[in-house]
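In what follows, a single structure is set out as structure tokens and then discussed.
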Amino acid sequence: MHFDPAVTMRPPPLKHNPYTALVMPRPIGWVSTIGKDGIVNLAPYSFFNAVAGDPPCVMFCANGRNRHDGGEKDSLRNVREVPEFVWNLCTYDLREEMNATSEHFPRGVDEMAKAGLAPAASTKVRPPRVARAKVALECVVYRIVDLPPTHDGASNNMVIGRVVCVHVADEAISDGKIDVLKLKPMARLGYFDYAVIDDFITLLRPD
Ligand SMILES: Cc1cc2nc3c(=O)[nH]c(=O)nc-3n(C[C@H](O)[C@H](O)[C@H](O)COP(=O)(O)O)c2cc1C
């Protein structure tokens, strides 16, 4: 089958929009930000990825409306006010907390505290990181890119950040390498489904 997404995203026999189940698995951008009022925000963004290694840069996309006032999502508003964010690695042990921080709380609610997570002060940026996250990247916003708006005129924005400090917990390192099996990172599949990384293969390059 094939279909034109400008016409429909639910052609039969698909019962739901399949898009997030097509490009998968996606890493979870668990992003902490802070507003100019000093209130911390934490939310998961699976339109997220590392986009450059030298210098290291990551991006997340805030899509559509804030359910409370129809404006931009709080993470986006915060980086417009304080252009810094922290990416926190979501591992299996943090899955419930990550999911809890996707709730559409009104602006002004500290979602890190609401999810029962302690903050740890960042080294170079104002937003704190999640203390229990075993990897965290402190970022300074490099650019906010306008993407085409949604069908009903809401904004889509890609926030690109340059990594200025990297945190890795000692326990995440085995034999001089990041131990993915110990970390058990979460990735987003489609619908309400997630992958947990508990296996991998190694392929050496041909040249
Ligand atoms: C795993 C997961 C991934 C998500 N990815 C995105 C995303 O890429 N873009 C987006 O706009 N919302 C995404 N959401 C929904 C946001 O987390 C949700 O709208 C949240 O309330 C936004 O918070 P904020 O307004 O505090 O920034 C995702 C939710 C979950 C559970």
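When HIS151 is tested against (1) touching a strand residue (DSSP E or B) at 6+ places or on another chain (Cβ under 6 Å); (2) more than 25 Å from ASP54 (Cβ to Cβ), only condition (1) is not met. When residues in segment 26-40 are screened for being touching a residue at least 60 places away in the same chain (Cβ under 8 Å) and either within 11 Å of the ligand (Cβ to nearest atom) or at positive phi (or both), 9 of them pass.
Per the listing ARG67, ARG77, ARG95, ARG26, the residue uniquely of a type outside the set (Ser, Thr, Tyr), farther than 21 Å from ARG126 by Cβ and in contact with a Ser or Thr (Cβ under 9 Å, 6 or more places away or on another chain) is ARG26.
The condition of being more than 25 Å from VAL125 (Cα to Cα) and away from the ligand (no atom under 13 Å from the Cβ) does not hold for THR20. Picking from residues in segment 150-179 that are surrounded by 15 or more Cβ atoms within 10 Å (Cβ to Cβ) and of a type in the set (Val, Ile, Thr), the one that is nearest to ALA43 (Cα to Cα) is VAL159. Against the numbered list (1) in a loop (DSSP other than H, G, I, E, B); (2) near the ligand (Cβ under 8 Å from one of its atoms), GLY71 comes up short only at (2).
Per the listing LEU117, LEU76, the residue uniquely buried (at least 19 other Cβ atoms within 10 Å of the Cβ), in contact (Cβ under 8 Å) with a residue 60 or more places away in the chain, farther than 22 Å from CYS61 by Cβ and within 15 Å of the ligand (Cβ to nearest atom) is LEU117. Does LYS124 satisfy the criteria of being surrounded by fewer than 15 Cβ atoms within 10 Å (Cβ to Cβ) and in a helix (DSSP H, G or I)? The answer is no for LYS124. Against the test of being within 8 Å of the ligand (Cβ to nearest atom), modelled with pLDDT of 95 or more and outside any loop (DSSP other than H, G, I, E, B), the options ALA50, ALA43, ALA136 yield a single qualifying residue, ALA43.
Can you pull out the residues in segment 93-113 that are more than 9 Å from the ligand (Cβ to nearest atom) and either in a loop (DSSP other than H, G, I, E, B) or loosely packed, with under 15 Cβ neighbours inside 10 Å (or both)? Correct list: ASP93, GLU96, PRO106, GLY108, ASP110, ALA113. As for segment 170-185, it holds no residue that is in contact (Cβ under 8 Å) with a residue 12 or more places away in the chain, within 16 Å of the ligand (Cβ to nearest atom) and under 30 Å from ALA6 (Cα atoms). Residues in segment 52-68 that are out of contact with any strand residue (DSSP E or B) (no Cβ under 8 Å at 6 or more places or on another chain) and either in contact (Cβ under 8 Å) with a residue 12 or more places away in the chain or under 20 Å from THR20 (Cβ atoms) (or both): ARG65, ASN66, ARG67, HIS68.
The values are calculated or read from the model by the stated rules, or taken from the named source; none is laboratory data. None of these values were measured; they are calculated from a predicted model. Cβ coordinates were reconstructed from backbone atoms using ideal geometry, including for glycine residues, and neighbour counts include every protein chain displayed.
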